[in-house]
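This report concerns only the one structure given below.
What follows draws every value from the coordinates through simple rules; no lab data is involved. Only a predicted model underlies this, so the values are computations on that prediction, with no experimental measurement involved. Quick reminder, even Gly has a Cβ in these numbers, built from the backbone with ideal geometry, and neighbours come from all protein chains shown.
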Amino acid sequence: MIGRLRTTVIDCPDPRALAAFYAELLGLPLIEEDSDGDEWVVLGGHPGHQPRIAFQQAPDLRPPNWPDPERPQQLHLDVTVDDIEVAERAVLALGARRLPDEGEGEGSRVYADPAGHPFCLCWET
């Protein structure tokens, strides 16, 4: 092993807003931010413990348009849920949107977070 994964960083126009979405989705607390939360926000366990997800300001971000190959997903998170219907209502209420069914497998649905990044809700089939 050369190293350990420290943080997954997601570019977005509004780090504080997107961090709030993922804090609610994943139940991760805020552990770090710049002085005003406009450029850098980190969610995770206690400092130094995984998982950590950071949100970095990218004001000119051209968000993915999944499944359009001209603007591919770039990365995505798979989130395990117990009840897909309950989870779907919750993420939609937080500002997510459901994406087209292409690429979905049995046991997963694809959504976009408020900044346009795809993520999947997954469940046991």
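Counting only strands (runs of 3 or more DSSP E) wholly contained in the stretch 9-62, the ones carrying 3 or more residues that are within 17 Å of Pro114 (Cβ to Cβ) occupy 52-57.
Using the structure shown, decide if Pro59 is over 13 Å from the mean Cα position of the chain (by Cα) and surrounded by 12 or more Cβ atoms within 10 Å (Cβ to Cβ). Give the steps one after another, and end with the answer.
Working: over 13 Å from the mean Cα position of the chain (by Cα): yes; surrounded by 12 or more Cβ atoms within 10 Å (Cβ to Cβ): no.
Spelling it out, it is not the case that Pro59 is over 13 Å from the mean Cα position of the chain (by Cα) and surrounded by 12 or more Cβ atoms within 10 Å (Cβ to Cβ).
Residues that are out of contact with any Lys or Arg (no Cβ under 8 Å at 6 or more places or on another chain) and of a type in the set (Gly, Ala, Ser) were ranked within the stretch 16-46; the one that is farthest from Ala93 (Cα to Cα) is Ser35.
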